[in-house]
1. So what is the relative contact order of the chain, in percent, for Cα pairs below 8 Å that sit 6 or more residues apart?
2. Put a dot 7 Å past each Cα toward the Cβ at Arg110 and Arg67; how far apart are the dots in nm?
3. Could you work out which residue, out of Leu131, Leu24, Leu54, moves most in a Gaussian network model of the chain, that is, has the largest mean-square fluctuation with Cα springs under 10 Å?
4. Spelling out what I want: for every residue of the range 82-97, take phi, set θ = phi - 60°, compute 6.51 cos²θ - 1.76 cosθ + 1.60 (Karplus), and round to whole Hz; glycine and proline get x.
5. Along Cα→Cβ, 7 Å out, is where each label goes; now give me the distance between the ones at Glu140 and Ala164 in nm to one decimal.
6. What translational D, rounded to a whole number of µm²/s, comes out for the chain from Stokes-Einstein when the hydrodynamic radius is the Kirkwood one over Cα pairs, at 37 °C and 0.692 mPa s?
7. Please work out whether the range 2-98 counts as rounded, prolate or oblate from its C-alpha gyration tensor, where a ≥ b ≥ c are the square roots of the eigenvalues and a/c under 1.5 means rounded, while otherwise a/b larger than b/c means prolate and anything else oblate?
8. Can you compute the FRET efficiency between Gln128 and Ala4 using 1/(1 + (r/R0)^6), with r the Cβ-Cβ distance and R0 = 25 Å? Round to the nearest 0.05.
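Computed from the coordinates by the stated procedures, all read-outs in this text should not be read as laboratory data. This one's a predicted model, so the numbers in the text were calculated from it and none came from an experiment. Cβ: placed from backbone, ideal geometry, glycine included. Neighbour counts: every protein chain shown.
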Amino acid sequence: MAEALVVADASPLIGLAAAGAFDLLGQLFGTVTVTTAVRDEVMAGGDLPGARELAAAIAAGWIDVVRTPSGTDVFPELDSGEASTLLLAMQAGHGCLVLMDEPLGRAQARARGIAVTGLAGVLLAAKQDGLIPRVRPVLESLAQSDFRISGKIVDAVLEQAGEASPADLD
């Protein structure tokens, strides 16, 4: 799943950390880039999921932090992290993949021809690449945290992963 540039918004970072699966990003993509706005948003959590993991990944060198591009006000419906992620992807051009869960941000990315996936897509890619044997345990870990993911998305991911069963997650 290698792309020229993988740019992440805060939500997938926080969700993967909450599920204990943050390192899948480095395993899947090698290097992930975040803007300073995204870094600051995740790090503002202090002891919340994502802050320690992001700091460790930055120190380890597999997450790059770049200056937040100017002009984030072009996306008034998005927060600064989402807007800066999209602007960076737009500057990068073809071959860029955005990791974002926010529906409005995902729609903006698609409207501009930018490839986009979210936490669920990362989990599916990790299973397809043999990095995790099953998606369900990761989603169950996520369900035990304060991170929320739509039941529809959970059902769709389990279906795509071939793990759908009558005992679905809440």
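1. 25 percent
2. A separation of 3.4 nm, rounded to one decimal place.
3. Of Leu131, Leu24, Leu54, the most mobile in the Gaussian network model is Leu131.
4. 5, 4, 5, 5, 5, 4, 4, 5, 5, 5, 6, x, 4, x, 8, 10
5. Spacing of the two 7 Å Cα→Cβ label points: 2.0 nm.
6. 205 µm²/s
7. Oblate.
8. Efficiency, from the Cβ-Cβ distance: 0.80.
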